[in-house]
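Remarks on the structure that follows.
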Amino acid sequence: MNVLRSRANIGEMLAVGRAILNLIKENPIADDAYLDSQVKHIEQKVAALAEENNSGALVNNMDDADLVRDLDTRSIFYEVKAKCVRRESDKQQKAEEIYKLLDRYGIGMINESYKQQSASVISLIKDLEAPELSQAIAAIPDLAELITNLKQSQAAFEVAETEYINNYNKEENSVPAYVLSRQLEDIINKEFYIYLKAMTAVNAEKYSKLMSKLKSLFKKTNQEIKERLDAIKRKKEAEEAATA
């Protein structure tokens, strides 16, 4: 994976944004007005994100709550899918019935904005709890528990979000830190990286050194993100095992 992983949290995005700015200073590219404008855009977004992030730590609660919600969502999709890829049976057919519902939402819902993801999760839970699916749900061991887990993690996210909103005392036109973080991610992945990759292809002598260092930064950051997500997953599994 060459681009920055999409599940970077606010602190990770702030760190990588600053690191990119340092790379530019250490490996300057002359006579490229478009690249200069992109760097300026990154500088502005990093500064805004740093200011907003310093205004409070509640946004980190939303990040962590969202990661647990993502894990619980994946668990439902993977559990049902696993039951679908078995020999045909009554239970397998019931799993297929449930998966048709899940497929309408798609696992990609975990990459939606916080607001849209909440709407999708709430709607999915409502559909899964419909009376006509009760027998199909019961036919898959642990699925009812996984749905309960998702309900709990959605509720926990809503608490974190409400706390953030209630304590948010910036001006009306201020942008929340988690929104700035996603905007910075898009600038880096969809503009800066894409442009630098294209220019490296046509002028390797001028751009390849910076591109190589950027890829190394992404690789290091992506590994750190993976380790954080794995730690959250292990903690969640340990808590579930302790209460089983």
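Here, each number is a calculation from the coordinates, and none is a lab measurement. From a predicted model like this one, the values you see are computed outputs, not experimental measurements. Neighbour counts are summed over all protein chains in view; Cβ atoms, including those assigned to glycine, are modelled from backbone coordinates with ideal geometry.
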Exercise for review: Only Cα pairs under 8 Å and at least 6 apart count here; give the relative contact order of the chain as a rounded whole percent.
Suggested key: 38 percent
Review point. Per 10 Å bin, what percent of the C-alpha pairs of the range 58-166 does each bin hold, from zero upward?
Key: 15, 47, 27, 10, 2, 0
Point to revise | Per-peptide average of other Cβ atoms within 10 Å, ordering 106-115, 13-22 highest first | key: 13-22, 106-115
Exercise for review: Mind checking which of Gln223, Ala15, Ile122 is farthest towards the positive end of the chain's charge dipole, using Cβ charges of +1 (Lys, Arg) and -1 (Asp, Glu) about the Cα centre?
Suggested key: Gln223
Review point. Using the Kirkwood radius built from alpha carbon pairs, what does the Stokes-Einstein equation give as D for the range 77-126 at 25 °C and 0.890 mPa s, in µm² per second?
Key: 210 µm²/s
Review point. Equivalent-ellipsoid semi-axes (√(5λ), Cα gyration tensor) for the range 184-244, whole Å, largest first?
Key: 39, 11, 6
Point to revise | Net charge dipole size for the range 85-143 [Lys, Arg +1 and Asp, Glu -1 on Cβ; Debye, nearest 20] | key: 100 debye
Exercise for review: Treat each spin label as a single point 7 Å out from the Cα along the C-beta direction, and report the Ile122 to Gln93 distance in nm.
Suggested key: 3.6 nm
Review point. What does the charge dipole of the range 58-166 about its Cα centre add up to, to the nearest 20 debye, if the Cβ of each Lys and Arg holds +1 and the Cβ of each Asp and Glu holds -1?
Key: 440 debye
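Once you charge only the Cβ atoms, +1 for Lys and Arg and -1 for Asp and Glu, what is the size of the charge dipole of the chain about its Cα centre, to the nearest 20 debye?
Once rounded to the nearest 20, the dipole reads 940 debye.
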Revision key, fill the gap. In nm, the gap between the two label points placed 7 Å beyond Cα toward Cβ at Asp186 and Asn203 is 2.8 nm
Review point. Which peptide among 31-37, 207-213 comes first, and what is the full order, when sorted by highest mean count of other Cβ atoms within 10 Å?
Key: 207-213, 31-37
**Study point:** Leading residue at positive end of dipole, the range 58-166 (Cβ point charges), from Ala136, Ala160, Leu67
**Key:** Ala136
Exercise for review: Among Val85, Ile147, Asn54, pick out the residue whose Cα is farthest towards the positive end of the charge dipole of the chain, where Lys and Arg carry +1 and Asp and Glu carry -1 on C-beta, about the Cα centre.
Suggested key: Val85
Exercise for review: Could you give the C-alpha radius of gyration of the range 7-46 expressed as a fraction of 2.2 N^0.38 Å, taking N as the number of residues it contains?
Suggested key: 1.23
Point to revise | Fully extended contour minus Cα-Cα distance, from Asn54 to Ile194, at 0.36 nm per residue | key: 47.4 nm
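Stokes-Einstein at 4 °C, 1.567 mPa s, Kirkwood radius from Cα pairs: D for the chain in µm² s⁻¹? Provide the component values of the computation, followed by the final result.
Working: Rh = 20.4 Å.
D = 64 µm²/s.
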Review point. Contour minus end-to-end for Asp64 and Glu224, with contour as 0.36 nm per residue of separation and end-to-end as the Cα-Cα distance?
Key: 56.1 nm
Review point. Once fully extended, how much extra length lies between Tyr78 and Ser113, figured as 0.36 nm per residue of separation less the alpha-carbon to alpha-carbon distance?
Key: 10.4 nm
